[in-house]
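Participant: Just passing along the structure, written as structure tokens.
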Amino acid sequence: MSQLTTHILDTTLGKPAQGVNIRLEQSSGEKWLAIASGTTNSDGRISDLLPKEKILDAGVYRLIFDTAAYFKSQHIKSFYPSVSIEFEVSDASHYHVPLLLNPFGYSTYRGS
């Protein structure tokens, strides 16, 4: 498992959100640098966003979830075309960033 993982639960359906494209970016001054991307599996997870041996430098990162494409594929109108979650990495521990999602809202927390 990589140092950074994520999981999306579609709270309207009560099911994992499969097929959501996610991009990981690192803050670099006033710019954001794309460093990884992936798509959630049938369990709504990406467990290999980074190679197992890759340790993120301390700093600010963000995950950008392409929610518009996910809901469009289900023929559901949604309010947020994407969800961007910024977080800070301070050490080499594991970071799990889950997303609870529905067409008109979302929440997140630091998981384990």
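The values are calculated or read from the model by the stated rules, or taken from the named source; none is laboratory data. Given the structure is predicted, the values throughout are model-derived calculations rather than measurements. Note that each Cβ is placed from the backbone with ideal geometry, even for glycine, and that neighbours are counted across all protein chains shown. Ligands, DNA and RNA are stripped out before the accessible areas are found, and what is left, the full protein with its side chains, is counted by its heavy atoms. Shrake-Rupley method; radii C 1.70, N 1.55, O 1.52, S 1.80 Å.
Participant: Normalised by the residues of the chain, what does the relative contact order come to in percent, with Cα pairs under 8 Å and at least six apart?
Facilitator: 31
Participant: Just reorder 46, 76 by solvent-accessible area, largest first, 1.4 Å probe, all chains present.
Facilitator: My answer, sorted largest first, is 76, 46.
Participant: Still on this structure, please answer the following. What number comes out for accessible area per residue over the chain if the probe is 1.4 Å? Units Å², please.
Facilitator: Result: 57 Å² of accessible area for each residue.
Participant: In addition: Under a crude label model (7 Å from the Cα following the beta-carbon direction), how far is residue 30 from residue 42 in nanometres?
Facilitator: Reported label-point gap for residue 30 and residue 42 is 4.8 nm.
Participant: Which one, 74, 26, 18, has the greatest fluctuation when you compute a Gaussian network model over the chain with C-alpha springs under 10 angstrom?
Facilitator: Looking only at 74, 26, 18, the biggest GNM fluctuation is shown by 74.
Participant: Could you pull out every residue, at least 5 positions away or on a different chain, whose amide H is within less than 5 Å of the one on residue 96? Hs are placed 1.01 Å off N in the peptide plane, and Pro or chain starts have none.
Facilitator: Hits under the 5 Å cutoff: 5, 111.
Participant: Over the Cα atoms, compute the radius of gyration (one decimal) and Dmax (the largest Cα-Cα distance, rounded to a whole number) for the chain, in Å.
Facilitator: Considering the chain through its Cα atoms, Rg and Dmax are 13.7, 41 Å.
Participant: Filter the cross-link list 15/54; 15/52; 31/54 down to pairs whose alpha-carbon distance in this structure exceeds 24 Å.
Facilitator: Values: 15/54 30 Å; 15/52 27 Å; 31/54 22 Å.
Too far apart for the 24 Å limit: 15/54; 15/52.
Participant: While we're here: Which GluC sites (Glu not before Pro) does segment 36-112 hold that lie in a coil by DSSP with at most 12 other beta carbons within 10 Å?
Facilitator: The qualifying sites are 53.
Participant: Leaving out ligands, DNA and RNA, what percent of the accessible area of the chain is carbon and sulfur, probe 1.4 Å? Before the final figure, lay out each step's value.
Facilitator: Details: 3240 of 6430 Å².
Ligands and nucleic acids excluded, carbon and sulfur reach 50 percent.
Participant: Quick one: if you take sqrt(5λ) for each eigenvalue of the C-alpha gyration tensor of segment 48-112, what semi-axes come out, biggest first, whole angstrom? Display every interim value, and only then the final one.
Facilitator: Details: eigenvalues 148, 30, 19 Å².
Those come to 27, 12, 10 Å.
Participant: In whole Hz, with x marking every Gly and Pro, tabulate ³J(HN,Hα) for segment 3-20 from phi via Karplus 6.51 cos²θ - 1.76 cosθ + 1.60, θ = phi - 60°.
Facilitator: 4, 10, 10, 8, 8, 10, 10, 7, 6, 6, 8, x, 9, x, 8, 8, x, 8
Participant: For segment 12-85, which chymotrypsin sites (Phe, Trp or Tyr not before Pro) are in a loop by DSSP, counting at most 15 other Cβ atoms within 10 Å?
Facilitator: Counting only loop positions with at most 15 other Cβ atoms within 10 Å, the chymotrypsin sites (Phe, Trp or Tyr not before Pro) in segment 12-85 are 79.
Participant: If you don't mind, another one. For the residue pair residue 107 and residue 87, what label-to-label distance in nm results when each label sits 7 Å from Cα along the Cα-to-beta-carbon direction?
Facilitator: 1.6
Participant: Skipping prolines and chain starts, which residues have an amide H placed within reach, meaning under 5 Å, of the one on residue 20, given they are 5 or more residues away or on another chain?
Facilitator: 40
Participant: GNM on the chain, C-alpha springs below 10 Å: top fluctuator among 68, 34, 58?
Facilitator: 58
Participant: Quickly estimate the mean residue ellipticity at 222 nm for the chain, helices only: each DSSP H run with n ≥ 4 gives -39500 (n - 2.57), and the total goes over all residues, rounded to 500.
Facilitator: Theoretical 222 nm ellipticity from helices: -1500 deg cm²/dmol.
Participant: Using only protein heavy atoms and a 1.4 Å probe, report how much of residue 31 is accessible, in Å² to the nearest 10.
Facilitator: Accessible area of residue 31: about 140 Å².
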